[in-house]
Amino acid sequence: MKKVYVFVLCGGRGARLGALTDTRAKPAVPFGGKYRIVDFVMSNLFNSGFHTIGVLVQYRSQLLMDYLSNNWSSVPRMGFNVYTIPPQQVFGEEWYRGTADAVYQNIDMVREHGSFDTVCIMSGDHITAIDLSQMYEYHKEHESVFTVCAMSVPSSEASGRFGVIEVDSDSRIVGFEEKPEFPKEIPGKPGVSYISLGNYFADFHRLSSYLGKDANATDTYHDFGKDIIPQMVRAGEAVFAYDYRDNCIPGQKEHYWRDVGTVLSYLEANMDLVQYKPQINLYNEEWPIWTPVDNLPGAKFVRPHHQLGSGERFIVSGGCIVEDSYLCETILGRNVRVYGSKVRQSVICADVNIGEDCSFSRVIVDEGVHIPPKTKIGCDIEHDKARRLFVDDSGIVIVPQGYVFK
């Protein structure tokens, strides 16, 4: 896909993820044991054949920049180029003011890095598998100026969270409203709305024109959903919706897309991975999700006393040791140690040590935390609050990075 330049939007804080984004940008948050969220968009692009990628960073970006540099570095001789781009204030002293402004401030990169006629804009914080080459073909076949990846969801799920689309019989977008409280329903399908997934293909020259006008406007949020797409629709541009459910992934029958923008959705997406037949298949060799290779030994399970040492539906990463413990619907990151404890519906990130006789329920433990013996988390919310652990409105407890138990 040599004529397509990709921008991956990775600058947002993701404040609704609470303590998980206090020290890092949302795309750098660990996921699924050995991955980080950004691995999914980068893998989809790589697998789809899009190899010129500008990653736009801003909030607490150093960890993400280091991760990309070490694990998604450019290989020019193979035509794979990744540019990590912080705000450069090229048009003044403003940081990125919105998604559209982030692309506008770096639009010259498209000209500098080659001869591109199409721009792809991807959200860097979704968990999904998608062959973007199919969406690109749809974009070209329809002679579209701007194409939005879309999917139908229950209207209650769309309310206040996603851009809602209206289309005609040819899938041309005739209406677009960003995150309405009362989303419009699909005609003939009560209770169902058509939402934008925040991934786009655009004609480079037409997009540049709209971004330039938006940058100089005062009554704008500088946002694709709130400003650019509605402006294009009102102007009668050829703006089309590509239905994600028409996408076919080699080796996978199900469609899976998750916006892990809240603590609850983050935990639920992790729990999706441990189901008997998960909708997203991380074991699909035809569409791998790439992540750093390590030299860790295999996970070890020890049951010297034949007491606990059991469990169901869990994922354990390399370098882990689980001794006399019960795991249920739980994910362990790299190099985790669990001794004589019970862990249910939890995500334990890398390099965590859990002492004997601990009990966790619906807990997320961030990287590098040492948990002393007999610690109970998620069992008494008021006690967790008193210890200044992060307690989400959903009741999920986060043990932040660097937390020290007294």
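The values are calculated or read from the model by the stated rules, or taken from the named source; none is laboratory data. Just so you know, these numbers come straight off a predicted model, no measurement behind them. Cβ coordinates were reconstructed from backbone atoms using ideal geometry, including for glycine residues, and neighbour counts include every protein chain displayed.
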request  = Considering only segment 30-67, state which residues are under 15 Å from the mean Cα position of the chain (by Cα), part of a helix (DSSP H, G or I) and among the aliphatic types (A, V, I, L, M).
outcome  = Val38, Val41, Met42, Leu45, Leu64
Some residue of segment 206-214 being polar (S, T, N, Q) and touching a residue at least 40 places away in the same chain (Cβ under 8 Å) = yes
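Give the residues of segment 42-66 that are charged (D, E, K, R) and crowded, with 20+ Cβ neighbours inside 10 Å, sorted by residue number.
Here is the first cut: in segment 42-66, the residues charged (D, E, K, R) are 60, 66.
Residues satisfying the conditions do not exist here.
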Residue count, segment 300-338 (criterion: modelled with pLDDT of 95 or more and in contact with a Cys (Cβ under 6 Å, 6 or more places away or on another chain)) = 3
request  = Could you list all residues from segment 67-109 that are exposed (fewer than 14 other Cβ atoms within 10 Å of the Cβ) and among the aliphatic types (A, V, I, L, M)?
outcome  = Val75, Met78, Val90
query = Looking at segment 158-211, what strands (runs of 3 or more DSSP E) fall wholly within it and have at least 3 residues that are of a type outside the set (Ser, Thr, Tyr) and surrounded by fewer than 24 Cβ atoms within 10 Å (Cβ to Cβ)?
reply = 173-177, 192-203
query = Are there any pairs, at least 6 apart or on different chains, whose C-beta atoms fall under 7 Å, with the first in segment 64-93 and on the phi > 0 side of the Ramachandran plot and the second crowded, with 17+ Cβ neighbours inside 10 Å, and if so, which?
reply = Gly79/His51
message = Can you confirm whether Val347 is surrounded by 22 or more Cβ atoms within 10 Å (Cβ to Cβ), closer than 13 Å to Phe405 by Cα and in contact (Cβ under 8 Å) with a residue 12 or more places away in the chain?
response = no
task = Residue by residue through segment 18-29, note down the ones that are surrounded by 24 or more Cβ atoms within 10 Å (Cβ to Cβ) and outside any loop (DSSP other than H, G, I, E, B).
result = Leu20, Lys26, Pro27, Ala28
Test for Tyr83: is it in the same structural domain as Phe31 (by TED's automatic domain parsing), touching a helix residue (DSSP H, G or I) at 6+ places or on another chain (Cβ under 9 Å) and modelled with pLDDT under 95 = yes
ask   = Can Tyr221 be described as within 29 Å of Thr21 (Cα to Cα) and among the aromatic types (Phe, Trp, Tyr)?
value = yes
ask   = What single numbered condition from (1) among the polar types (S, T, N, Q); (2) in a helix (DSSP H, G or I); (3) surrounded by fewer than 16 Cβ atoms within 10 Å (Cβ to Cβ) fails to hold for Thr218?
value = (2)
message = Take Lys406 and tell me if it is surrounded by fewer than 16 Cβ atoms within 10 Å (Cβ to Cβ), among the charged types (D, E, K, R) and at pLDDT below 95.
response = yes
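Among the strands (runs of 3 or more DSSP E) contained in segment 229-328, which hold 1 or more residues that are surrounded by 12 or more Cβ atoms within 10 Å (Cβ to Cβ), of a type in the set (S, T, N, Q) and not assigned by TED's automatic domain parsing to the domain that holds Asp101?
Details: elements: 239-243, 257-259, 300-302, 310-316, 321-323.
Because the criterion is at least 1 residues that are surrounded by 12 or more Cβ atoms within 10 Å (Cβ to Cβ), of a type in the set (S, T, N, Q) and not assigned by TED's automatic domain parsing to the domain that holds Asp101, the strands (runs of 3 or more DSSP E) in segment 229-328 that meet it are 310-316.
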